[in-house]
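Here's the structure we're looking at; comments come further down.
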Amino acid sequence: MIIMVDASSDEPGPRPVTGAAPAVATQAWRRHLPPSVDVDGLDLLAGGSLPRVLATRWANAPAVNVLHSAEHGWRTAADMERATSRVAAGLAARGLRRGDRLALCMETSSLFVDVYLGALRLGVVVVLLNPSCSEAEARHIARDADPAGAVVSDAQRGAWIADAAPSLRAGLVAAASLAEDGAAAPAGLDGVGPSDPALLMYTSGTTGTPKGALLSHGNLLASATALRLAWRWTEQDRLVLALPLFHAHGLGVGLNGTLLSGASAVLLPRFDAAAVLDAASQHRATLFFGVPTMYTRLAAEPRAAELSRLRLCVSGSAPLAAAMHARIEELSGQRILERYGMTETLMNVSNPHDGERRPGTVGLPLPGVELRMADGAAGEIQVRGPNVFGGYWRNPQATAAVLDEDGWFHTGDVGELDEAGYLRIAGRTRELIITGGYNVYPREVEDALSVHPWVAEAAVVGAPSEEWGEVVTAFVVAADPRLDAGTLTRHARAKLAPYKVPRDVRFVAALPRNAMDKVVKQQLVVGEESR
């Protein structure tokens, strides 16, 4: 059912002002640090690399529990050192050398962690693939990354990778065989430095063909160190880790942060609300990191109040509705901490651990991160720091489009800083809707629609129009069958400038999403009848 809504009866609002001097937040990160930290002497790269830090930490405290999984139970630092050293030796025996690329396509498990860390220790670049990736995705990444070897858990995806990779000289490697190899640790283990390449992560493709973001060991170390400081992460913490490890949220934040901090993690193969609460209780966890969908499901659990046992709950990868933020606080007393990161930069911004956490914002720049807005206090978000990647793999044209000569990464996200310097994300520049000459950012419209109690979720795009250029089009999942376009439009008119009110409302059963809960707007085909 397609419903056209006339929202043109009122005068349009003002055009946005452009050309203002960039607002630069270079020292806001100081507000994240505890008093004991030497702010002026802060060096996020002091450890050299994550493998170097771990080698020292594991040698100094070999009996400490590090990782729990269903298949292995608790594993100590000594267990982790032996297993990852064995993997490194196995990869070396198969001809992989520092700088080679290894495709890793596995479900979350302790074996995944062994392969990932073993490769990093050897200096091999890990190329991450979603274990549920399509044939087109697997072939694209294999052709582009050109891995020397691949560790896979699914034979079909292994065949796609092997067929598409130009020079897979080490072939397909069984992860279990690496774990069982008895070869001696290779020379040069843990010898990588901050500038060495570590991780090749492909963008989600929500705005186009996935590109390979090449992250260095310094990028991984700087981001994890900033989070350790900002979130007061210590050896006493224990994380329930239910995020997929093929993604930056689960790997770069959850796993890397845990290991660097000397903390421990309970690894779950997938998210299940009851399993998260069980793990938190059984293992006396202090931390949980999730995406908004996870918090929605936790809020629906009769045991949601058990979240109060945790020291910190963090949400990211997609916007958390202010209503859900309030709901979790009402149920458990937890004030969820939201943060903002990207594949190309890992973590950039976070609400403070000690201080006000503002719903609807992602907070302040993290330690070491500079942030500026393209047009005064609003506009495209640009960041610079040791967390920012050096460019896209074998794609200088794409790199030049987002990374300027001064090291500023142009995120493509649009936001604004409030009076206290907190960042609010408005949307993507590519998602900008220009209707009748006026700019509309979908995030603002989506937020306005989503606060209606009969709306489960909403996504807004621009539909081509001969008259207006584009018209604001809303795809809505109803939470109540009484919801209709007229009701929703009246609600929107009370909250938005007239030119931002959707002219076209389409009801759908669900919004298309990728593995990390982000709506894939290219799949919202205008004209398709969904209800």
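Readers should treat all values here as calculations from the given coordinates under stated rules, not as data from a laboratory. Everything quoted here is computed from the prediction, not taken from an experiment. Every residue, glycine as well, gets a Cβ built from its backbone with ideal geometry; the counts of neighbours run over all protein chains shown.
Here are some notes:
- Computed from Cα positions, the angle between helix 322-332 and the longest principal axis of the chain comes to roughly 60 degrees.
- Structure-derived Cα Rg over 2.2 N^0.38 Å: which label, when the choices are [x] 1.16; [y] 0.98; [z] 1.04: [y]
- Where both bridge residues fall in the chain, DSSP classifies roughly 65% of the beta bridges as antiparallel.
- Cα centroid separation, segment 114-169 to segment 384-403 (Å): 22
- DSSP bridge pairs, segment 81-226: antiparallel proportion in percent, nearest 5: 30
- Kirkwood-based shape ratio for segment 253-357, expressed as Rg/Rh from alpha carbons: 0.93
- Segment 51-56 - phi-based ³J(HN,Hα) in whole Hz, Karplus 6.51/-1.76/1.60, Gly and Pro as x: x, 5, 4, 5, 4, 5
- Projecting the Cα atoms of Leu227, Gly252, Gln156 onto the charge dipole of segment 143-267 (Cβ charges, centred on the Cα centre) puts Leu227 farthest toward the positive pole.
- Think of the chain as having a plus end and a minus end, set by charges on the Cβ of Lys, Arg, Asp and Glu; of Trp408, Phe475, Leu312, Leu312 sits farthest toward the positive end of this dipole.
- Cα-only Debye scattering, segment 97-180: base-10 log of I(q)/I(0) at q = 0.13, 0.18, 0.19, 0.26 Å⁻¹: -0.33, -0.65, -0.73, -1.38
- Look at the alpha carbon pairs under 8 Å that are at least 6 residues apart: their mean separation over the length of the chain gives a relative contact order of 15 percent.
- Segment 471-503 and segment 212-231 have Cα centres separated by 40 Å.
- If only the Cβ of Lys and Arg carry +1 and only the Cβ of Asp and Glu carry -1, the dipole of segment 434-504 around its Cα centre is close to 280 debye.
- Kirkwood Rh in Å, taken over all unlike Cα pairs in segment 317-414: 14.8
- Given charges at Cβ of Lys, Arg, Asp, Glu: segment 390-531 dipole, positive-most of Ala426, Val461, Gly486: Gly486
- Degrees between helix 217-230 axis and first principal axis of the chain (Cα, 0 to 90, nearest 10): 70
- Range of Cα positions in segment 293-337 per principal axis (Å), largest first: 24, 21, 15
- Using only side-chain charges placed at the Cβ, +1 for Lys and Arg and -1 for Asp and Glu, the dipole size of segment 136-201 relative to its Cα centre rounds to 200 debye.
- Charged side chains reduced to their Cβ positions (Lys and Arg at +1, Asp and Glu at -1) give the chain a dipole of some 900 debye around its Cα centre.
- Helix axis angle, 77-93 relative to the chain longest principal axis, alpha carbon, degrees: 80
- Label-to-label distance for Ala479 and Val37 is 3.6 nm, based on points extended 7 Å past Cα in the beta-carbon direction.
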